[in-house]
Amino acid sequence: EEDPRFWRTRAQDTLRRALNLRHNTNVAKNIVFFLGDGMDIATVTAARILKGQLQNQSGEETVLSMESFPYTALSKTYSVDFQIPDSSSTATAMLCGVKTNLNTVGISAAGRNGVCSSQQGNEVTSILRWSKEAGKSVGIVTTTRVQHATPATAYAHSASRTWYSDSDMPLSAKKAGCRDIAYQLIFNTDIDVIIGGGRKYMTPMGTKDPEYPTDVASQGTRGDGMDLIKEWQKRKPGKVAHYVWNKKEFDDVDTNTTDYLLALFEPGDLRFELEREPTTDPSLVEMAEKAIRILQKNPNGFFLLVEGGKIDQGHHASRAAMALHETVMLDKAVERALELTAEEDTLTIVTADHSHSFTFNGFPFRGNPILGKSPVYGKDFLPYTTLLYGNGPGFKIINNARPDIRKVDTASKDYVQQSSVLLDKETHGGEDVAIFARGPMAHLFHGVQEQNYIAHAMAYAACVGENQDHCAKPSASANDSPGNAAAEQSASLSAQLAGFLLITCLLH
């Protein structure tokens, strides 16, 4: 690296790849939409370094799978009513194509947080629904509960993201006819694959959990007495439909014969990757692969949402190790999805819904552990970690001094990074987030865009939803480019002119 030729050669290689890049204008048979909840650009950078360091490299030069995508854009994440958004308003933008208000799911900005009457008539549908109506198979995979803000937006309409089951709703909302999110998961859209957590919102109040039968907090929460798991099974007559709640049952599911899969591995959210028990809980990679193998049997293609939802939860707890390992696992799922699909017909998107108050700073030396400390001490002659939070539970001042962390293992999954403002939970940030795109029409993801543009670009690529005027026309080759099209048009005009001159000469 000290030789200038090293960097010049690398740059020339990158330049050649850029010059050879051609727009893929095929129709996207499949869409795999990866959503890293809270995966801001600082998180992507830090996860890149962590991935490399886990492979005994310095880390900075490492490339995440998502970073190998040929097209990148930035997404503006604000909601209609707040400068800094939450996951439900951003998911509504990305999946439904309209920006909305904080804490609302699948409704327009005319809806009001917690006001049931305001959601009625203001519902907006998602690209998952558009894809299903176009004859595609559809699926949801998440490391949170399947009723959580991001996955809920794919199928539900709710004035509150917290109405997981009917017992979470005020009596006035139930009387006004609003339905909880778990109910809508079963009755709104016929979803082929549902994988994540959230068992307790599906069963009657007091129902013992099969995995934690003595834990009262894991018991069913429904006040209406409905068993939505049984309802799901009843609604699949003549189909091979499996409900599973543990890894053994999950592994036994034959993707070649399975039409529907409902897999709920926890009463609430799944465990963090660093706390996951591999023998009992599948990884995000395994869940994404199972979903793709089931969905890709449909000759019309599929739409799959894969959410790394625990990145966000790690950040809220100011536990950077948790958030970064979740990000590395999401990237592994991206890598596996690319192996299972073809770039020619599958549009793969990786993005985030919002950022966090997460910073990467302090002049660490090259190869310094990403979860380690800066060599530059503060003016109080105490060290600090290179990863910090603007606010959160890590604010600690004892006897007018910061804690001395020289002998603290800051790479531990339980270490809470320091912050400048004390809060019970760290908050989201307002910066733009990255969009990485690969496959048909990936070039539509460019520049700095409003977040709701994502749904429209995906729908255009897959010829689902409203904008289908271009779909009747034959697709251009993946190697076509505007320059090639212009050359073909010029050649056609030349041939017509030559024919005209020949006829003129013959007439004379």
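The values are calculated or read from the model by the stated rules, or taken from the named source; none is laboratory data. Predicted model only: the values in this text are computed from it and were never measured. Quick reminder, even Gly has a Cβ in these numbers, built from the backbone with ideal geometry, and neighbours come from all protein chains shown. Quick note on the areas: whole protein, heavy atoms, side chains included, nothing else; ligands and nucleic acids left out. Shrake-Rupley method; radii C 1.70, N 1.55, O 1.52, S 1.80 Å.
Can you pull out the trypsin sites (Lys or Arg not before Pro) in the stretch 307-402 that DSSP calls coil and that have at most 10 other Cβ atoms within 10 Å?
Details: sites: LYS310, ARG319, LYS332, ARG336, ARG366, LYS373, LYS379, LYS396; in loops: ARG319, ARG366, LYS379, LYS396.
Loop-located and lightly packed - ARG366, LYS379.
Free of any chymotrypsin sites (Phe, Trp or Tyr not before Pro) that DSSP assigns to a loop and that have at most 13 other C-beta atoms within 10 Å, the longest stretch within the chain is 1-364.
One chain, two ends: ALA217 and VAL115. Fully extended at 0.36 nm per residue, the span grows by 34.0 nm beyond their Cα-Cα distance.
Placing R0 at 51 angstrom, the Cβ-Cβ distance between ARG271 and TRP7 gives a FRET efficiency of 0.75 after rounding to 0.05. For the stretch 235-323, a simple Cβ point-charge model (Lys and Arg +1, Asp and Glu -1, everything else neutral) yields a dipole of about 300 debye relative to the Cα centre.
With 0.36 nm allotted per residue and the present C-alpha distance subtracted, the SER172-LYS236 stretch has 19.8 nm of extension available. Three principal axis extents describe the C-alpha atoms of the stretch 136-271; from largest down they are 46, 38, 26 Å. Note on the stretch 214-356: Kirkwood hydrodynamic radius from all Cα pairs is 17.2 Å, rounded to one decimal. Sparsely packed loop sites in the stretch 188-279 (the trypsin sites (Lys or Arg not before Pro) outside DSSP H, G, I, E and B with at most 15 other Cβ atoms within 10 Å) comprise LYS208, ARG235, LYS239, ARG271. When the GluC sites (Glu not before Pro) in the stretch 375-469 are filtered for DSSP coil states and for at most 11 other beta-carbon atoms within 10 Å of their beta-carbon, the remaining sites are GLU466.
Translational diffusion coefficient of the stretch 45-181 at 37 °C, 0.692 mPa s, Stokes-Einstein with Kirkwood Rh over Cα pairs, in µm²/s as a whole number. D = 196 µm²/s. If R0 is 60 Å, the Cβ-Cβ spacing of ASN298 and ILE405 corresponds to a FRET efficiency of close to 0.70. Averaging over all projection directions, the Cα-based convex hull of the stretch 271-330 occupies 4.4 nm² in the image plane. Pick out the long, greasy-scoring helices in the chain: whole DSSP H runs spanning 18 Å or more along their own axis by Cα, mean Kyte-Doolittle at least 0.0. TM-like helix candidates: 41-54, 320-340, 482-507.
Of the solvent-accessible surface of the chain, computed with a 1.4 Å probe and all protein chains present, 54% belongs to carbon and sulfur. To the nearest 10, the accessible area of HIS325 is 40 Å² with a 1.4 Å probe.
For LEU50, what charge total do you get from the other residues with a beta carbon under 14 Å from its beta carbon, if Lys and Arg give +1 and Asp and Glu give -1? My count for the surroundings of LEU50 gives -1.
Two-decimal Rg/Rh of the stretch 124-200 from alpha-carbon positions, Kirkwood Rh?
Ratio of gyration radius to Kirkwood radius for the stretch 124-200: 0.97.
Among (1) 116, 66, 43; (2) 69, 50, 43; (3) 103, 67, 46, which is the computed Cα extents along the principal axes in Å? Read-out taken from this structure: (3). Taking all protein chains as shown and a probe of 1.4 angstrom, CYS463 keeps an accessible surface of around 20 Å². Spin-label model, ASP259 to LYS413: label points 7 Å out along the Cα-to-beta-carbon direction sit 3.9 nm apart. Relative to the current alpha-carbon distance between LYS248 and PHE82, full extension at 0.36 nm per residue lengthens the span by 55.4 nm.
With all distinct Cα pairs included, what does the Kirkwood hydrodynamic radius of the stretch 285-415 come out to in Å, to one decimal, could you say?
It works out to 17.5 Å.
Over the chain, accessible surface divided per residue gives 44 Å², non-protein components excluded, 1.4 Å probe.
Between GLU67 and HIS443, the modelled labels are 2.6 nm apart [label points 7 Å from Cα along Cα→Cβ].
Quick check: from the Cα gyration tensor, does the stretch 9-95 come out rounded (a/c under 1.5), prolate or oblate? Verdict is oblate for the stretch 9-95. By the gyration tensor of its Cα atoms, with a ≥ b ≥ c the square roots of the eigenvalues, what is the shape of the stretch 341-446: rounded for a/c under 1.5, prolate for a/b over b/c, or oblate? The shape class here is prolate. For the stretch 173-236, the normalised intensity computed at q = 0.16, 0.23 Å⁻¹ comes to -0.56, -1.04 (log10 of I(q)/I(0), Debye sum over alpha carbons, equal scatterers, no solvent). Relative contact order of the chain: 25 percent, from C-alpha pairs under 8 Å at least 6 residues apart in sequence. Residues GLU60, GLU266, sorted by accessible area with the largest first, give GLU60, GLU266 [1.4 Å probe; ligands and nucleic acids excluded]. For the stretch 305-365, the share of alpha carbon pairs falling in successive 5 Å distance bins from zero is 4, 15, 22, 20, 15, 12, 7, 4, 1 percent.
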